[in-house]
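The values are calculated or read from the model by the stated rules, or taken from the named source; none is laboratory data. Note that the structure is predicted; figures quoted are calculated from it, not measured. Heads up, the Cβs are rebuilt from the backbone with ideal geometry, glycines too, and the neighbour counts pull from every protein chain shown. Note: areas computed on protein heavy atoms with side chains; ligands, DNA, RNA excluded. Shrake-Rupley method; radii C 1.70, N 1.55, O 1.52, S 1.80 Å.
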Amino acid sequence: MSGLGKGGVTSSLARTFAARQYSVTALKIDPYINIDAGLFSPYEHGEVFVLDDGSEVDQDLGNYERFLDITLTRDHNITTGKVYREVIAKERRGDYLGKTVQIIPHITDMIKERISKTAERDDADITLIEVGGTVGDIESMPFLEAVRQLQREKGRENVAFVLLALAPELSVVGEQKTKPVQHSVHTLMGAGIQPDAIICRSRRPLDSSVKKKVALFCNVPEDAVISDPDVGTIYELPFVFEEEGLPNSLCNRLGAFSPNPLYGPWKKYVKTIKAPGKLTVKVAVTGKYTSLRDSYLSIHESMIHAAAHLGVDLDLAWMETTDMADSVALEGTDGIIVPGGFGSRGTEGKIAAIGHARENGIPFLGLCFGFQLAVAEYARAVCGLERANSTENDAETPHPVIDLLPDQREIQDMGGTMRLGTYPATLAPGTQVRALYGGAEIVDERHRHRYEVNHAYVEQLEKAGLVFSGRSPDGNLMEFLELPGHPFFVATQAHPEFKSRLERPAPLFLGFLKAAAERARTRLKGKKATE
Ligand code: GLN
């Protein structure tokens with residue numbers, strides 16, 4: 001079922017193979033009919049992740065990229081929508097030569113073709129294929145059938161199946177129950193698939209008697225029943241699987257050599273995340289989807305990466321700005337992040353938070369919408385442009401400092417029509433942003449937006465002290481801004497959170513957290529002095 005952390009399990013398992021020096025790739029199958037994740041409400045599915053090629057995909061692909069340090073494409077996310085669209089287009093072209101077009105074999109063939117093509121293009125030794133959804137769901141049946149056939153065609157020695165199922169423990173009984181796992185295996189076997197390993201999601205590691213029971217009833221060796229207990233950080237999961245012997249048993253099963261795994265600095269960072277330094281740094285993220293932490297997953301992960309490098313104890317607070325009348329709620333905060341967003345709800349609270357950060361020297365990081373609102377705040381408060389705003393929030397604003405580009409005005413179709421994917425920016429010499437990127441002149445970051453800084457206001461904003469430290473190479477689009485004299489007031493039209501890695505945190509997040517840690521240190525000193 002959903003919510004068990006299939007994405008984390010797939011990524012972690014993939015990482016255990018990568019640690020054995022295999023080249024590894026991962027694909028995600030989403031059985032929903034949507035073509036991609038672009039139009040999902042973040043309430044429903046969590047974050048919409050953006051890839052280099054501009055595709056808007058399931059957030060699990062973000063985990064694959066983070067765990068494997070690879071760059072994926074739109075083809076790594078297969079949905080029912082994409083499969084049917086292609087099959088129907090083929091049918092209309094007459095490619096099926098008069099045949100009746102059916103789920104089996106035409107849809108299943110298309111699924112297999114997409115899997116094989118992508119895996120072959122990646123030229124990986126091992127491809128992980130995560131089949132989303134729940135065993136037994138109508139919509140996932142064609143996909144299960146396709147992967148069953150895949151094993152038949154590629155040979156049992158080349159394809160193994162891993163099932164993730166829930167082993168609940170009711171607090172009153174205090175006993176780990178295996179019935180849901182058993183039923184799940186039975187349903188899977190009904191689809192012709194015998195799992196080679198069964199990962200049981202449970203609060204605690206499985207008792208050995210429970211493992212025995214699952215092994216017996218589900219027809220797998222005991223060492224193929226794997227605990228997936230609660231962990232302090234998702235980055236620890238590969239080590240849990242190592243201890244459980246999962247990678248070894250799967251390598252065995254696939255006739256692959258299983259050398260000693262090499263994790264490099266990954267282990268050290270996991271240790272720091274679990275036992276951080278004494279300095280607690282309080283960071284507030286403002287946003288309207290705060291009820292669902294997953295909506296800002298990549299920002300959360302980017303902050304974890306930065307904290308692991310700085311060895312600080314991160315206290316992330318998610319703040320709903322819809323009702324935030326003033327900035328009182330931000331007292332005692334060492335840094336403020338204003339993330340991406342759409343629509344006007346909650347924007348005045350975010351603008352107030354930005355103003356609070358600017359005036360009080362609180363480190364601020366603005367991402368996409370946060371960048372746009374920082375421009376609006378500066379225009380209002382420093383340039384005296386009353387009611388300056390983005391036309392997205394206020395169509396009647398007298399000062400549209402953020403506006404649609406002409407080529408975005410005519411667009412009717414909402415899916416996949418934003419400015420999406422990787423774009424380069426040229427960084428101005430001598431700026432803070434350029435220093436954060438290690439002096440690089442050109443940087444590539446991913447984008448997902450329709451609105452831009454209105455060129456008509458750039459000169460006025462810069463005269464008033466705002467520095468656009470990065471622009472598109474033709475100079476037309478504003479990509480980064482900063483405020484000289486402020487400890488850290490940086491924002492970008494891009495989404496640098498999509499490219500952060502545990503071993504290589506995104507430079508803006510690292511710089512931001514460093515500045516916030518500095519403030520935390522000063523705050524504590526001040527507190528001590530007054531005591
Ligand atoms: N709503 C803004 C735009 O479309 C910002 C988008 C975002 O934050 N991802 O330009």
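Table for the structure above
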{"quantity": "Two-site label geometry, residue 104 and residue 154: point separation in nm, points 7 Å out along Cα→Cβ", "calculated": "2.0"}
{"quantity": "Net +/- balance of residues flanking residue 255 in space, Cβ distance below 15 Å, scoring K and R +1, D and E -1", "calculated": "+1"}
{"quantity": "Segment 352-426 - accessible surface per residue (Å², probe 1.4 Å)", "calculated": "40"}
{"quantity": "The chain - charge dipole about Cα centre, Lys and Arg +1 at Cβ, Asp and Glu -1, debye rounded to 20", "calculated": "1240"}
{"quantity": "Lys, Arg +1 and Asp, Glu -1 on Cβ, resulting dipole of segment 136-186 about Cα centre, debye, nearest 20", "calculated": "180"}
{"quantity": "Qualifying trypsin sites (Lys or Arg not before Pro) in segment 43-123, DSSP loop, other Cβ atoms within 10 Å at most 15", "calculated": "99"}
{"quantity": "Cα→Cβ-extended label distance, 7 Å offset, between residue 529 and residue 123, nm", "calculated": "6.1"}
{"quantity": "Protein accessible area in the chain, 1.4 Å probe - carbon and sulfur %", "calculated": "52"}
{"quantity": "Positive minus negative residues near residue 76 (Lys, Arg vs Asp, Glu; Cβ under 12 Å)", "calculated": "-4"}
{"quantity": "Neighbour net charge for residue 150 - beta-carbon separation under 12 angstrom, K R +1, D E -1", "calculated": "+2"}
{"quantity": "Principal semi-axes in Å for the chain [√(5λ), Cα gyration tensor, largest first]", "calculated": "43, 29, 20"}
{"quantity": "Signed unit charges on C-beta, dipole axis of segment 229-380, positive-most listed residue 235, 266, 378", "calculated": "266"}
{"quantity": "222 nm mean residue ellipticity, helices alone, for the chain (DSSP H n ≥ 4; -39,500 (n - 2.57); rounded to 500)", "calculated": "-11000 deg cm²/dmol"}
{"quantity": "Dipole in debye (nearest 20) - segment 1-137, about Cα centre, beta carbon charges: Lys, Arg +1; Asp, Glu -1", "calculated": "400"}
{"quantity": "Accessible area of segment 91-214 divided out per residue, in Å², using a probe of 1.4 angstrom", "calculated": "55"}
{"quantity": "C-alpha center-to-center spacing [segment 330-348, segment 369-435] in angstrom", "calculated": "16"}
{"quantity": "Evaluated at q = 0.15, 0.16, 0.18 Å⁻¹: base-10 log I(q)/I(0), Debye formula over Cα of segment 393-531", "calculated": "-0.85, -0.94, -1.11"}
{"quantity": "Sites residue 39 and residue 455, calculated FRET efficiency, Cβ-Cβ separation with R0 22 Å, nearest 0.05", "calculated": "0.15"}
{"quantity": "Order by protection proxy (mean Cβ within 10 Å, highest first), peptides 438-449, 357-368, 275-286", "calculated": "357-368, 275-286, 438-449"}
{"quantity": "Shape category assigned to segment 144-261 from the gyration tensor of Cα positions, a/c cut at 1.5", "calculated": "oblate"}
{"quantity": "Protection-proxy order for peptides 34-46, 336-348, each taking the mean of Cβ atoms within 10 Å per residue, highest first", "calculated": "336-348, 34-46"}
{"quantity": "Projected area, mean over directions - segment 11-90, Cα convex hull, nm²", "calculated": "5.9"}
{"quantity": "Top positive-direction residue, dipole computed over segment 393-531 with Cβ charges, set 438, 496, 400", "calculated": "438"}
